[in-house]
Amino acid sequence: MSEYISKEILAQKATEEYTKLQQKLSEGALSPKDRAAIPQQEMPTGEPKVRARQMSEVALGYTKEQAIVEANRCLQCKNQPCVSGCPVSVPIPQFIAHVAKGDFKKAVDTIKTTNLLPSICGRVCPQEKQCQSQCTVGKMFKDVDKSVSIGRLERFVADYERENGLETLQKVAAPTGKKVAVVGSGPAGLTVAADTRRAGHDVTVFEAFHKCGGVMVYGIPEFRLPKDIVCNEVENLKKMGVKFENNFLVGRTETLPQLLKDKGYDAAFIGTGAGLPKFMHIEGENLIGVFSANEYLTRANLMKGYDVKNAATPIYKAKKVVVCGAGNVAMDASRMALRLGAEESVVVYRRTQVEMPARKEEVEHAMQEGVQFHFLENPSRILADENGRVRAVELLSYKLGEPDASGRRRPIAIEGSEHELECDAVVVALGNGSNPLMKQTTPGLEVNKRGNITVDESAQTSIPTVYAGGDIVLGAATVILAMGEGRKAAASINKLLVN
Ligand code: FAD
Ligand code: SF4
Ligand code: SF4
């Protein structure tokens, strides 16, 4: 775990580096060696023990000086390997060159040519596995963590634009008279709405929840992605003329065939995500005090359950919460438990830290905040007290064997190693599958054996005017992949509706 450094010290160091940088630049162009010698700018964060009890954002964002110093680490590689690591091919060297010169507005405009939601992607993209994994600077140091901080720079310029009132709305073409229905308002649906509206179509987004944004609003916590940022993007779409129908569950309120035939929609996009939680199927999983991570996080995020005085949604009070799983969802749930008042929060995972699928930064933040980790252990039963409430989990110890099909070493249970870990709540964070409602209520809509909608390379489903993308097609994936799918689907819809 890396040592915590306060934002004041980081800002002071950045000022010194900035002064040195300006001096060097005044003497002439920097060589690659000079650039490699510039220290990477860390992301300032709140003090761990304080932030662990608050909902406010943990990562505080770069200052102008930090952004300019970091951007000057970029070597402007001619073959731009970083771009190949980005699912939507953001023109990375070009936007960073603008940041290096302090032209932040030009930088964000450059990003927005391919990525509509940079303030969100800059915060939640798994950059170390995507753009930054390909960065030449990281490769020079043989350490991906030393790559140019592309995501942090993306976040900085997008925040700069929003906070300084510099946002401009996308241009909308003349009305085409064609209607597009978008089912689901996650990143996939919002992207389709923006791109089809820009082409001049009459676009309505149908969303089951009372707020728009999908997992960005109900799953990813406020302390990682402030909800105001997502709401701002939705408001921008409204200003462009996109209509939103909330509390509208397609398949129950009205079915997709009804929208297409009776309401005259010419094309539809399904972006309903992967909202069906997976469980462990072990004894005790239906006890009072056991939650899916989805329910736990939705109560806290969407229904503001943490605001005990004002929220109508009850939160289950627990002193010690055990979270099962090791992905981003598990990190969010374990950190949320502390913010909901738990004295202890424990992550239980049957492999080791090396195999954890969660983003490294999220794991570090959880550790700094005091989340405990029990590696090489997995629940075999959940145990009840006399009132049917959780009192403990029974854990089995594990050891690692040979790598399995996923390339990770296979966990092997150690016979007779059962032991108890006392707790009063258990959160199951093992991932999500697809909700079968759209399939059940849309005759002719084909899905694969996992229940994901099948599409061709143009994102078209088995129904010619219906397209799909995001988690409902890919299985639980990422925000940027959902956006990428949305862009592809919108291009196909726009092509279809030209005729
Ligand atoms: P979603 O975001 O799931 O949106 C689907 C929307 O459709 C929802 O609003 C839902 O209410 C609505 N809907 C569903 N059915 C219907 C219906 N029948 N009628 C009307 N509306 C309907 N990804 C990252 O890149 N980085 C992260 O750090 C990250 N952290 C995550 C943390 C958590 C807790 C979770 C759960 C996921 C995380 N992800 C992360 C994954 C990412 O959020 C998803 O991959 C992404 O949101 C998928 O986008 P989507 O548009 O396909 O669907
Ligand atoms: Fe990297 Fe994500 Fe930005 Fe692409 S969108 S450049 S992957 S942070
Ligand atoms: Fe800059 Fe790294 Fe991309 Fe090269 S690979 S252009 S150093 S961000």
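Listed values, structure above:
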| read-out | value |
| --- | --- |
| Residue count, the stretch 120-150 (criterion: among the aliphatic types (A, V, I, L, M), farther than 22 Å from VAL192 by Cβ and within 12 Å of ligand 2 (Cβ to nearest atom)) | 2 |
| Filtered residues of the stretch 83-119 (kept if near ligand 2 (Cβ under 9 Å from one of its atoms) and in a helix (DSSP H, G or I)) | VAL83, ILE92, PHE95, ILE111, PRO118 |
| Qualifying residue in the stretch 400-414 (condition: part of a helix (DSSP H, G or I), of a type outside the set (Val, Ile, Thr) and open to solvent by 60 Å² or more (accessible area, probe 1.4 Å)) | no |
| Near pairs, Cβ below 8 angstrom, 6+ apart or cross-chain, from the stretch 6-18 (open to solvent by 60 Å² or more (accessible area, probe 1.4 Å)) to any residue that is among the polar types (S, T, N, Q) | LYS7/THR45 |
| Single match in LYS146, LYS78 (criterion: within 21 Å of THR63 (Cβ to Cβ) and open to solvent by 30 Å² or more (accessible area, probe 1.4 Å)) | LYS146 |
| Qualifying residues in the stretch 124-174 (those that are at pLDDT 95 or above and among the aromatic types (Phe, Trp, Tyr)) - the one farthest from the chain's Cα centre (by Cα) | TYR160 |
| Residue in the stretch 45-68 that is outside any helix (DSSP H, G or I), of a type in the set (S, T, N, Q), buried (at least 19 other Cβ atoms within 10 Å of the Cβ) and more than 16 Å from ligand 3 (Cβ to nearest atom) present | yes |
| All positions within the stretch 153-181 that are touching a Gly at 6+ places or on another chain (Cβ under 7 Å) and within 16 Å of ligand 2 (Cβ to nearest atom) | GLU154, ARG155, PHE156, ALA158, ASP159 |
| Verdict on GLY122 being out of contact with any His (no Cβ under 8 Å at 6 or more places or on another chain) and not in a helix (DSSP H, G or I) | no |
| Residue that is most open to solvent (accessible area, probe 1.4 Å) [pool: residues in the stretch 375-398 that are touching a Cys at 6+ places or on another chain (Cβ under 9 Å) and either closer than 17 Å to ALA342 by Cα or assigned by TED's automatic domain parsing to the domain that holds MET55 (or both)] | ARG391 |
| Residue list for the stretch 375-394, restricted to those being of a type in the set (Gly, Ala, Ser) and part of a strand (DSSP E or B) | SER380, ALA384, ALA392 |
| Residue pairs meeting the criteria (Cβ under 8 Å; at least 6 apart or on separate chains; first open to solvent by less than 20 Å² (accessible area, probe 1.4 Å), in the stretch 197-218; second within 16 Å of ligand 3 (Cβ to nearest atom)) | none |
| Residue that is most open to solvent (accessible area, probe 1.4 Å), among those in the stretch 458-499 that are within 13 Å of PRO187 (Cα to Cα), among the aliphatic types (A, V, I, L, M) and within 16 Å of ligand 2 (Cβ to nearest atom) | LEU481 |
| Checklist (1) closer than 30 Å to ALA482 by Cα; (2) at pLDDT 95 or above applied to GLU420, failing item | (1) |
| Selection count, the stretch 130-150, where residues are over 18 Å from SER84 (Cα atoms) and assigned to a loop (DSSP other than H, G, I, E, B) | 3 |
| Filter result for VAL108 (within 16 Å of ligand 1 (Cβ to nearest atom) and either in contact with a Pro (Cβ under 7 Å, 6 or more places away or on another chain) or more than 30 Å from LEU260 (Cβ to Cβ) (or both)) | no |
| Some residue of the stretch 372-395 being within 16 Å of ligand 1 (Cβ to nearest atom) and within 20 Å of SER2 (Cβ to Cβ) | no |
| Listing of strands (runs of 3 or more DSSP E) fully contained in the stretch 255-374 that carry 1 or more residues being open to solvent by 20 Å² or more (accessible area, probe 1.4 Å) and more than 28 Å from ALA208 (Cα to Cα) | 320-324, 344-349 |
| Cross-chain or 6+ apart pairs with Cβ under 7 Å, the stretch 59-88 first and among the hydroxyl-bearing types (Ser, Thr, Tyr), then surrounded by fewer than 20 Cβ atoms within 10 Å (Cβ to Cβ) | THR63/ALA11 |
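Residue by residue, here is whether (1) of a type in the set (Phe, Trp, Tyr); (2) more than 25 Å from the chain's Cα centre (by Cα); (3) away from ligand 1 (no atom under 12 Å from the Cβ) holds:
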{"position": "ALA267", "(1), (2), (3)": "no, yes, yes"}
{"position": "LYS278", "(1), (2), (3)": "no, no, no"}
{"position": "HIS281", "(1), (2), (3)": "no, yes, yes"}
{"position": "PHE291", "(1), (2), (3)": "yes, no, yes"}
{"position": "TYR296", "(1), (2), (3)": "yes, no, no"}
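The values are calculated or read from the model by the stated rules, or taken from the named source; none is laboratory data. Treat the numbers as computed from the prediction; the structure is a model and nothing was measured. No Cβ is skipped: glycine too gets one built from the backbone with ideal geometry, and neighbour counts run over all protein chains shown. For accessibility, only protein heavy atoms count, side chains too; no ligands or nucleic acids. Shrake-Rupley method; radii C 1.70, N 1.55, O 1.52, S 1.80 Å.
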